[in-house]
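Shown next, in structure tokens, is the structure this report addresses.
Computed from the coordinates by the stated procedures, all read-outs in this text should not be read as laboratory data. Fair warning: this is a prediction, and the values are worked out from it, not measured in the lab. Note that each Cβ is placed from the backbone with ideal geometry, even for glycine, and that neighbours are counted across all protein chains shown.
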């Protein structure tokens with residue numbers, strides 16, 4: 001028996017990223033190119049994929065920098081990819097190339113998170129998945145901990161952990177920092193720094209159509225996940241010692257990133273705060289055009305930030 005034809009009635013239109021039809025079908029317009037984990041003979045960086053929560057297909061791509069001493073320890077970069085909560089992947093060629101480079105230049109162990117995507121999986125699924133991966137990483141740092149990955153067991157210095165992400169991933173990274181700052185369990189990571197690249201904290205001056213689709217149960221305007229600058233008291237409690245916020249002159253969500261920076265600066269938070277403002281560039285240009293001059297400058301700032309521990 002032939003299947004019924006797919007519906008053509010659109011119930012949510014977020015072109016050019018995705019559309020949702022009334023039969024539940026999701027049509028994506030931006031699909032990533034997936035690449036397998038690989039080792040780089042020039043830099044010595046190795047990578048591999050590890051399944052964390054199999055029932056939800058949550059996994060992480062791990063990157064290990066060149067090891068010159070068998071017991072050498074490195075800071076940990078916990079990275080969350082962007083893509084409007086609804087596209088991209090830890091296996092994306094774009095993110096794989098970028099994180100190979102960061103791992104090699106900064107000498108960090110990188111954990112790149114694969115989380116469930118909206119709109120099929122509404123928020124807070126991405127937060128839950130990222131937190132599950134954080135706790136898995138943390139399990140390698142306790143005496144007698146259950147974590148068994150040899151790279152993390154041998155080479156991850158969990159006293160020097162950085163949370164980072166771009167766009168929607170920066171939003172998730174910020175919330176992971178909030179949760180880690182509030183969490184009292186010994187299983188929780190205690191990050192020292194955070195890097196927010198072109199963070200998505202809503203859109204100024206108009207209804208946030210994306211947030212309404214991906215998180216319909218949570219209004220963005222005054223919510224700590226959708227717009228943390230609206231709650232400066234929460235920012236003052238962030239439990240890390242330094243934060244790097246990156247914005248770009250022509251980014252369509254620049255204003256909210258700048259407002260976050262200003263709110264954090266005035267919140268009473270006592271850490272070291274840096275801002276990178278890329279002239280003439282648009283949203284996540286450093287991923288789309290990684291060889292341009294401004295991308296090189298941004299990479300240098302990120303690497304210097306990671307090394308200054």
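Projected label points at residue 308 and residue 255, each 7 Å from Cα along the beta carbon direction, are separated by 3.0 nanometres. Percent of Cα-Cα pairs more than 19 Å apart in the stretch 179-294, please. I get 52 percent for the Cα pairs in the stretch 179-294 exceeding 19 Å. Work out the P(r) tail for the stretch 8-54: percent of alpha carbon pairs separated by more than 16 Å, whole number. In whole percent, the share of Cα-Cα pairs in the stretch 8-54 beyond 16 Å is 63. Put the Cα centre of the stretch 153-203 next to the Cα centre of the stretch 71-114 and the gap is 13 Å.
Structural descriptor for the stretch 1-73: relative contact order 17 percent, calculated from alpha carbon pairs under 8 angstrom and at least 6 residues apart. Modelled this way, with points 7 Å down the Cα-to-C-beta line, the labels at residue 31 and residue 153 are 4.0 nm from one another. Put simply, the C-alpha atoms of the stretch 7-132 give a gyration tensor, and the ellipsoid matching it has half-axes of 33, 15, 11 Å, longest first.
In the elastic network of the chain, a GNM with C-alpha springs shorter than 10 Å, the most mobile of 18, 85, 74 is 18. Cα centroid separation, the stretch 35-64 to the stretch 277-309: 23 Å. Modelled label positions at residue 15 and residue 282, each set 7 Å beyond Cα in the direction of Cβ, lie 1.7 nm from each other. With both residues required to sit in the chain, DSSP beta bridges show an antiparallel share near 40%.
Using 1/(1 + (r/R0)^6) with R0 = 35 angstrom and r between the beta carbons of residue 182 and residue 23, what's the FRET efficiency to the nearest 0.05?
Result of the calculation: an efficiency of 0.30.
Across the chain, the mean sequence separation of Cα contacts (distance under 8 Å, 6 or more residues apart), normalised by length, yields a relative contact order of 14 percent. Estimated at 0.36 nm per residue, the fully extended path between residue 289 and residue 128 surpasses their Cα-Cα distance by 54.9 nm.
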